[in-house]
1. Ranked from the most accessible area to the least, with a 1.4 Å probe and all protein chains present, what is the order of Thr192, Thr144?
2. Could you state the per residue volume, in Å³, of the convex hull enclosing the Cα atoms of region 81-211?
3. Note the listed values (1) 35, 22, 14; (2) 51, 18, 14; (3) 30, 21, 17, then indicate which one is semi-axes √(5λ) of the Cα gyration tensor in Å calculated from this particular structure.
4. Please build a GNM for the chain, connecting alpha carbons under 10 Å apart, and tell me which residue among Val63, Val36, Val85 fluctuates the most.
5. So what is the relative contact order of the chain, in percent, for Cα pairs below 8 Å that sit 6 or more residues apart?
6. Given the options Pro30, Pro194, Pro182, which has the most mean-square fluctuation in a GNM of the chain, springs set between C-alpha atoms less than 10 angstrom apart?
7. How many angstrom lie between the C-alpha centres of region 149-214 and region 74-144?
8. What dipole magnitude, in Debye to the nearest 20, does the chain give about its Cα centre under +1 on Lys/Arg Cβ and -1 on Asp/Glu Cβ?
Amino acid sequence: MPDLLWGLIIAIFFAYFFYRSVWAFIPMLPVGAFMVYDRVKKKNTKRQLEYLEQFKECILSVVSAVKAGYAVENAFAESILDLEVLYGKECGMAEEIRMVCRGVRNNTPLEEALMELGYRSGLQEGEEFAEVFSIAKRNSGNITQTMELYSRIITDKLELMAELETLLAAKRLEQRVMNVMPFLIVGYLGLTNPGYFDMMYHNLTGVIIMTVSLGVYMGAYILSEKIFEKTYG
């Protein structure tokens, strides 16, 4: 579902749930915008993990190509094919490596092109790799060994994150259940007792109470996200 449509659905739902009024849709737009921001943030985090996995495979492919006799610059060009085989033609990292190769063809030093990759993708490991690669190249170090070592570091990091995600799966489920539980409870009461909440709508007292309830819910939602992010992120 497109992010904008998701935000509009949230705004409409909150306007109906808390106020039973079409006029409340506009005041609920900031709530929808926040939910879109939160959703995009989570998608970006997921994308960064995918990029990191793809970047690791890229380095491993480059190492194999260098060992087979390719120059480092040509080895990066060859890695594009491997990435597309593993992740498909739409692989984001393959496109990033194409831009690196394009920069090299335009006389940009490989280490600078790799640093730009890190900036563009927001991949911190990409920037760190570019720095390590630059130091190894400048000091005539063993570039192949350096890349192998860095790929192992990324592999260890990914494995640790995968284990952590497995351990936290139950906690994430609990958090999601708690986020929707208030709506399920109120929905159940509304279905089994028609008119039970009528007194909460279309009057000043009800609007105040529901506004406070909305504020409490959003505060609890944001707090739970922050706690989860700080504790487990």
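1. Sorted by accessible area, descending: Thr192, Thr144.
2. Enclosed volume per residue, from the Cα hull, is 223 Å³.
3. (2)
4. Taking springs between Cα atoms under 10 Å, the residue moving most is Val85.
5. Details: 172 pairs, mean separation 35.0, N = 233.
Once normalised by length, the contact order is 15 percent.
6. The residue with the greatest mean-square fluctuation here is Pro194.
7. 40 Å
8. 640 debye
The values are calculated or read from the model by the stated rules, or taken from the named source; none is laboratory data. Please read all numbers here as calculations on a predicted model, not as lab measurements. Positions of Cβ are generated from backbone atoms using ideal geometry, with glycine treated the same way; all protein chains shown enter the neighbour counts. Side chains are part of the model used for accessible areas, which takes the heavy atoms of the whole protein and leaves out ligands, DNA and RNA. Shrake-Rupley method; radii C 1.70, N 1.55, O 1.52, S 1.80 Å.
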